[in-house]
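Comments concern the structure below.
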Amino acid sequence: MAINFQYNKTSLQKLEKDLKVRERALPTIKSKESALRVEVKKAKDEVKRLDLQLETAMRSYDSMVALWGEFDTSLIRVRDVRMSVKKIAGVMTPVLDGVDFEITPFSLFSTPLWFLDGMELIKELAKVGIEREFFARKMGLLEYARKKTTQKVNLFEKVQIPGYADAIRKIKRFMEDEENLSKSAQKIVKSRQQNIEEETL
């Protein structure tokens, strides 16, 4: 990225100010990046744990497949998924507060006894599945923010800070050269004036 500047004091002061801003911001951005990296790993681990929990629960009920054919799935449904939002390292992420189910009234006498246990089982599986989706969404948001933050760190570290430092160095050299030329010109003029004065005497 080319940094636009002019060879004067105003441009030098602006570049020095911009460089200080970036140098001060860099540690904060780096700590945000590492915090996001930790949170992404936590969310990823939680998704894996919930996947395993869901898989284990599903496998443990494989022996009851014949019974599930009799189960009336219209008796239970998810009515509401309560959620809130939590800020993690400056990123708004969803938090599961609870899952509400709606159970259609049914006769305990005309349905098999295991229907109540089946409903509890479905509730648990649904909660785990919904929680897994929340953590997957959270992981996606945090990962996106981490990538953006990493890009910003790289931009500051590898492009802007060295670019500003280089531009400042160039302006300072130019101004030093200009000052040296001016002093040299003054010396030449002074020595000529002295030569002229000496000749006239």
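The values are calculated or read from the model by the stated rules, or taken from the named source; none is laboratory data. This structure is a prediction, so every number in the text was calculated from the model and none was measured. Here Cβ is always computed from backbone atoms with ideal geometry, including for glycine, and neighbour counts include all displayed protein chains. Please note that ligands, DNA and RNA were not included when accessible areas were found on the heavy atoms of the full protein model with its side chains. Shrake-Rupley method; radii C 1.70, N 1.55, O 1.52, S 1.80 Å.
For segment 88-146, give me the residue count where each residue is among the hydroxyl-bearing types (Ser, Thr, Tyr) and exposed (fewer than 15 other Cβ atoms within 10 Å of the Cβ).
4
As an exercise: evaluate Val85 against (1) outside any loop (DSSP other than H, G, I, E, B); (2) among the β-branched types (Val, Ile, Thr); (3) in contact (Cβ under 8 Å) with a residue 24 or more places away in the chain and give the number of the one condition it does not meet.
Exception for Val85: condition (3).
Looking at Asp45, Asp51, Asp80, Asp97 in this structure, which one is in a helix (DSSP H, G or I), out of contact with any helix residue (DSSP H, G or I) (no Cβ under 8 Å at 6 or more places or on another chain) and at pLDDT 90 or above?
So the residue among Asp45, Asp51, Asp80, Asp97 that is in a helix (DSSP H, G or I), out of contact with any helix residue (DSSP H, G or I) (no Cβ under 8 Å at 6 or more places or on another chain) and at pLDDT 90 or above is Asp45.
Does Glu131 satisfy being charged (D, E, K, R), in contact with a Lys or Arg (Cβ under 9 Å, 6 or more places away or on another chain) and part of a helix (DSSP H, G or I)?
The answer is no for Glu131.
Which one of these does Lys158 not meet: (1) touching a helix residue (DSSP H, G or I) at 6+ places or on another chain (Cβ under 7 Å); (2) open to solvent by 50 Å² or more (accessible area, probe 1.4 Å); (3) at pLDDT 90 or above?
In the conditions (1) touching a helix residue (DSSP H, G or I) at 6+ places or on another chain (Cβ under 7 Å); (2) open to solvent by 50 Å² or more (accessible area, probe 1.4 Å); (3) at pLDDT 90 or above, Lys158 misses (1) alone.
Kindly establish whether Ser34 is touching a helix residue (DSSP H, G or I) at 6+ places or on another chain (Cβ under 8 Å), open to solvent by less than 100 Å² (accessible area, probe 1.4 Å) and polar (S, T, N, Q).
No; evaluated as a whole, the condition is false for this residue.
If I filter segment 58-77 down to residues being among the charged types (D, E, K, R) and modelled with pLDDT under 85, which single residue comes out as least open to solvent (accessible area, probe 1.4 Å)?
Only one residue fits best here, namely Asp72.
Within the set of pairs 6 or more residues apart or between chains, which connect a residue that is within 12 Å of Arg22 (Cβ to Cβ) and among the aromatic types (Phe, Trp, Tyr) inside segment 139-156 to a residue that is assigned to a helix (DSSP H, G or I) and open to solvent by less than 50 Å² (accessible area, probe 1.4 Å) with Cβ atoms less than 6 Å apart?
Phe156/Arg22; Phe156/Leu26
Please enumerate the residues belonging to segment 37-54 that are open to solvent by 90 Å² or more (accessible area, probe 1.4 Å) and over 11 Å from the mean Cα position of the chain (by Cα).
Lys41, Lys42, Lys44, Lys48, Arg49, Leu52
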